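> Okay, here's the structure, questions in a sec.
The values are calculated or read from the model by the stated rules, or taken from the named source; none is laboratory data. Everything quoted here is computed from the prediction, not taken from an experiment. Heads up, the Cβs are rebuilt from the backbone with ideal geometry, glycines too, and the neighbour counts pull from every protein chain shown. Just the protein is used for accessible areas: all its heavy atoms, side chains included, with ligands, DNA and RNA removed. Shrake-Rupley method; radii C 1.70, N 1.55, O 1.52, S 1.80 Å.
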There are 2 protein chains.
Amino acid sequence: MANIKEIARQAGVSVSTVSRVLNNHPYVSEEKRNRVMDTIKQLKYARNMNAVHLITGRTMNIAIMLPFVNHVYFSALMEGVGKGALSASYRLILCQTGYSQDKEREALDMLRNREVDGIVVLSSSISPTEIEAYCAYGPVVCCQDAGERRFSSVYINHTEAFRKAIRYLIRKGHRHIGFTVGRMDSPSTEARLIAYREMLEELGEPYRKEWILDRCLDIEDGAAIMERLFVMKERPSALLVTGDHVAAGLIYEAERRGVSIPEELAVIGFDNHPIGRMLGLTTIDNQLLQMGEMAFAILHEHIEGTQTAPVRHELDFELIERASV
Amino acid sequence: MANIKEIARQAGVSVSTVSRVLNNHPYVSEEKRNRVMDTIKQLKYARNMNAVHLITGRTMNIAIMLPFVNHVYFSALMEGVGKGALSASYRLILCQTGYSQDKEREALDMLRNREVDGIVVLSSSISPTEIEAYCAYGPVVCCQDAGERRFSSVYINHTEAFRKAIRYLIRKGHRHIGFTVGRMDSPSTEARLIAYREMLEELGEPYRKEWILDRCLDIEDGAAIMERLFVMKERPSALLVTGDHVAAGLIYEAERRGVSIPEELAVIGFDNHPIGRMLGLTTIDNQLLQMGEMAFAILHEHIEGTQTAPVRHELDFELIERASV
DNA sequence: ATACAGGATGAAACGCATTTCAGAGCAAGC
DNA sequence: GCTTGCTCTGAAATGCGTTTCATCCTGTAT
C-alpha cells in the first residue's frame, strides 16, 4: 500500500532519492541509500509497475499472437520466443485467437494501447496488409514469409523445403505423391502448392485434388488419413505430412491396418518432433525453436532501436532421413 | 500520440466527457458523443492503457506460472485457463519458470507490483507456505492440492485416482505393479506413493525401489522405459504411467521389441490425451481442461470479490477402459 | 408556483514513479 | 584565489485517464 512518497517521508529524503535507490542510480550517499532500503523493507514497499509503465512508456511485455496454445507446432515456437524473452527480461502476453479476426485485431491493438512493447505473430488469419497498418505503433515480427513489408519476418522457405522433400521422394522412385495441410488457404499451403505443381508438371502427372488432404492438424487427424486413402480409387505412394504428430497418427494407423511403411506408403513429416524420432520418421526439421528465438531477437532489436528497418530472415531447414521413405 | 486532453480540446468538450464517451457512460448528449467519436477517429486516438491501469488499479492481466510451455500436461491446463480468461476478457501473462525458484518468486512479485490482478500456479518448486505469503497482495489459485491454505486450489485427488487404477489392475490379476513419475519430490508423487504403499501392504509385496521409474516426462522417456525394464531381474507386470505421451512411447517401444501389451505388460496412462485414445490406452482422465477453466473461474471470483474465502475444489477423475490392461 | 429527481457537463483531485533542472558542497587543477 | 568538474540532493514537471463533486438545466410531481 505504501508508495514512494511515503518511503521518502519516513526515510527523511526526497522522492527523487528514493527513485534513485530503486533504480540503482549512482550519486546516492551510502547513508541515505541504507536509510531508504531499510524503510522499504519495513513498510514492505513494492513498486507500482503501472506507474513505471506509464511514465517510461515501456512495459517490458510483448504479445505473442497464435491461434491455439495446445498444439505442438505453436508450443515449440512459443518455447523459443519464451526463451529469448526470458533472457532479456521480457514477459509474454498470450493472445490466443482461434483465428478469429476480431481477436487478432484485439491483440494488435495492445500495441496501439501501449500495453506491449512489441508483438510476434506466429500465425494469423488477417492479411499482412492489415498487420502492416499497426507498424506505426510498434514493432511487429511475423513467423511467416509475407514478402516485403513494413514488419520483419522470420520464416523457412516452404516452397524450397517442399521441393527438397519431393525431390527426395522422386529419387526414391515415387511419382504419385500427395500431401496434407492444416488449412487450405494458409500462406504455407500456397507456398507448398507451388513446388507441388512444379513437380506434377515435371512428372507429367495430373493434379488430383483428393490427394491434397485438408484439415490435418493433430495426431487423430493423422490416423483418419488411412481411412481417407482407402476410399480412393487411385492412391498416392507417398505422402508429405505437415507435422510429425499427424504423421505419427498416420503411421500408427497404417501399422494397425497392416499397411507397411515405407513399402506401401512412404511418409515424410515436418517439424522434427521427438515423436518422429521415436517412430523413425523421415522429416524436415524446420527449426521451430530457433525460429521463435530469432523472432524474439529481431523484435528485441526493434524495441531497443538497434534495428529500425524491417528484416526478413530466412532460416535453413534440413531433411532428416530415417526409415519412413 | 494524441491523448485525451487533445481530444477534449479539438472536440470542444472537457476531458471528463471524453472519458465518459470512452467508457460508454450514459449522461453524454448525443451531439457531444458524436463530436468526440469523430475526433477520436480523425486523430486515430488510442487510449494509453498504462494510465488506465494506474488509475483503476486493475490490469485485466493474470499471470500463469508453469515450468515449461512445451509439454502436453501444461498445454492442456493452459488451454483451459486461457479459455476462461478469454471469455472474461482477461489476458494471460506467461511465466515460464523451469522450476527456478527465483523465476517463481519473480512471477509472484508481479502480484505485489500490481502488474497482474491474480495468478494461477500450475506447478511450482517453492513451498505452499512461501506462496501463501503473497496472498496479501492478490488472489492466487493453485492447480495442486496444498491442504488448507490462504489461497484456493483446484486439483484431483491423486491418491484416490492412483488407488482406483491399482484396484483395477489387481482385479485384472496383477500383483507386480510399478509406476513412473516426472520428479520424485513432487506433491503428486507423494500422493501416489500413499496409495502405492497401501497396495504393497495389502498384497504383502515388498517395496521395490527400481519399480518406481523417475524422470519420465515425455514420449522419449517413455520409449526408454523398455530398456530400463529389460535390465531388471524382476519385472513388473503392470505399469502406471503418468502421462499418456510417456505411455505412448512405452507402447511403441514395446511393440517394436515384440513385448505384447497387455499380455506381457499392462499399462495405464494419465491425462486422457488424444494420443492415448488412438493407441487404445487405458487411462485416467484427470480433467485437465476443466481444471484450467475452474482455476480461472475461481480466480475470477476472487478478483471480482464475489468469493473472498479460499476454496478447495476437488475435481472428479475417470478411469477410461481401453485395451492396454 | 415549488420542489425534486435526474440528465449533462467541467474542474480538479487522484494514482505513482521518473526525470530534468537547478543548486549546494567539495576537491582538483591552474 | 578562481575555475572546472564531480557528487549529491530535492523541487517540480511529466505521463494520462478516471472519478468525485459541484453546478446548471429541464421536466415532472405536488
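> Within 10 Å of each Cβ of A:267-274, how many other protein chain Cβ atoms are there on average?
1
> FRET efficiency for B:GLU227 and A:ILE320, Cβ-Cβ distance as r, R0 = 25 Å, nearest 0.05?
0.65
> With each label point set 7 Å from Cα along the Cα-Cβ vector, what nm distance links B:THR56 and A:ARG312?
So the two model labels end up 4.1 nm from each other.
> Moving to a separate point now. Under the √(5λ) rule applied to the eigenvalues of the Cα gyration tensor, what semi-axes describe the equivalent ellipsoid of segment B:4-47? Give them in Å, descending.
14, 10, 10
> Right, something else. For chain B, with a Gaussian network of springs between Cα atoms less than 10 Å apart, report the residue from B:THR17, B:THR189, B:THR306 with the top mean-square fluctuation.
Of B:THR17, B:THR189, B:THR306, the most mobile in the Gaussian network model is B:THR17.
> Something else now. Taking each label point as 7 Å beyond Cα in the direction of the beta carbon, state the distances from A:GLU132 to the same residue in the other copies, shortest first, in nm.
Those label-point separations list as 5.9 nm.
> For an R0 of 25 angstrom, estimate the FRET efficiency from the Cβ-Cβ distance between B:GLU255 and B:ARG208 and round to the nearest 0.05.
So the FRET efficiency works out to roughly 0.50.
> Per-residue HN-Hα couplings for segment A:308-325, Karplus 6.51 cos²θ - 1.76 cosθ + 1.60 at θ = phi - 60°, whole Hz, x for Gly and Pro?
Result, rounded to whole Hz: 9, 6, x, 10, 10, 10, 9, 8, 6, 10, 8, 8, 9, 7, 10, 10, 9, 10.
> Let me ask another. Picking from A:ALA247, A:ALA46, A:ALA295, which is most flexible by a Gaussian network model of chain A using Cα springs under 10 Å?
Top of the fluctuation ranking is A:ALA46.
> Beyond 18 Å, what percent of the Cα pairs of segment A:158-285 remain?
The share of Cα pairs beyond 18 Å in segment A:158-285 comes to 47 percent.
> Beyond 19 Å, what share of the Cα-Cα pairs of segment B:231-325 is found? Please give it as a whole percent.
51
> Using a label position 7 Å from Cα in the Cα→Cβ direction, what is the ascending list of nm distances from B:VAL15 to the same site in the other copies?
Sorted ascending, the copy-to-copy spacings read 1.5 nm.
> If you don't mind, there's one more thing I want to ask. Mean separation of Cα pairs under 8 Å and 6+ residues apart, divided by the residue count of segment B:4-47: what relative contact order is that in percent?
Once divided by the residue count of segment B:4-47, the mean separation gives 41 percent.
> Counting partner chain Cβ atoms within 10 Å of every residue's Cβ in B:106-115, what's the average? List each step's numbers first, then the result.
Details: counts 2, 1, 0, 3, 2, 1, 6, 6, 6, 10.
That average works out to 4.
> How are the alpha carbon pair distances in segment A:23-83 distributed across 10 Å bins from zero to the largest one, expressed in percent?
Answer for segment A:23-83: a P(r) of 16, 26, 25, 18, 14, 2 percent.
> Evaluate 2.2 N^0.38 Å with N set to the residue count of segment A:84-183, then give the Cα radius of gyration divided by it.
Dividing the Cα radius of gyration by 2.2 N^0.38 Å gives 1.39.
> Hey, if you drop one equal point scatterer on each alpha-carbon of the protein assembly as shown and run the Debye formula without solvent, what base-10 log of I(q)/I(0) do you get at q = 0.05 Å⁻¹?
Taking Cα atoms of the protein assembly as shown as identical point scatterers yields -0.28.
> OK, next. With springs connecting C-alpha atoms under 10 Å apart, model chain B as a Gaussian network and identify which of B:TYR27, B:TYR252, B:TYR137 has the largest mean-square fluctuation.
B:TYR27
> Place the label 7 angstrom along Cα→C-beta at B:ASN3 and in each other copy, then list the distances from the first to the rest in nm, shortest first.
1.6
> Along each of the three principal axes of the Cα atoms of chain A, give the extent in whole Å, ordering the values from largest to smallest.
87, 38, 31
> While we're here: Using modelled amide H (1.01 Å from N, peptide plane; none on Pro or chain starts), what sits under 5 Å from the amide H of A:ALA266, excluding residues fewer than 5 places away?
Those qualifying (amide H under 5 Å, at least 5 residues apart or on another chain) are A:ALA238, A:LEU239.
> Continuing with the same structure: Could you please state how large a percent of the accessible area of chain A is carbon and sulfur, counting protein chains only and using a 1.4 Å probe? Intermediate values should be presented prior to the final figure.
Numbers: 6950 of 14340 Å².
The computed percentage sits at 48.
> Separate question: Percent relative contact order of segment A:67-211, based on C-alpha pairs within less than 8 angstrom and at least six residues apart?
Here the relative contact order equals 14 percent.
> Over segment A:99-155, what is the relative contact order in percent, taking alpha-carbon pairs closer than 8 angstrom and at least six residues apart?
On the way: 73 pairs, mean separation 17.2, N = 57.
Relative contact order comes out at 30 percent.
> Per residue of A:120-131, count partner chain C-beta atoms within 10 Å of its C-beta, then hand back the mean as an integer.
The mean count of partner-chain Cβ atoms within 10 Å per residue comes to 0.
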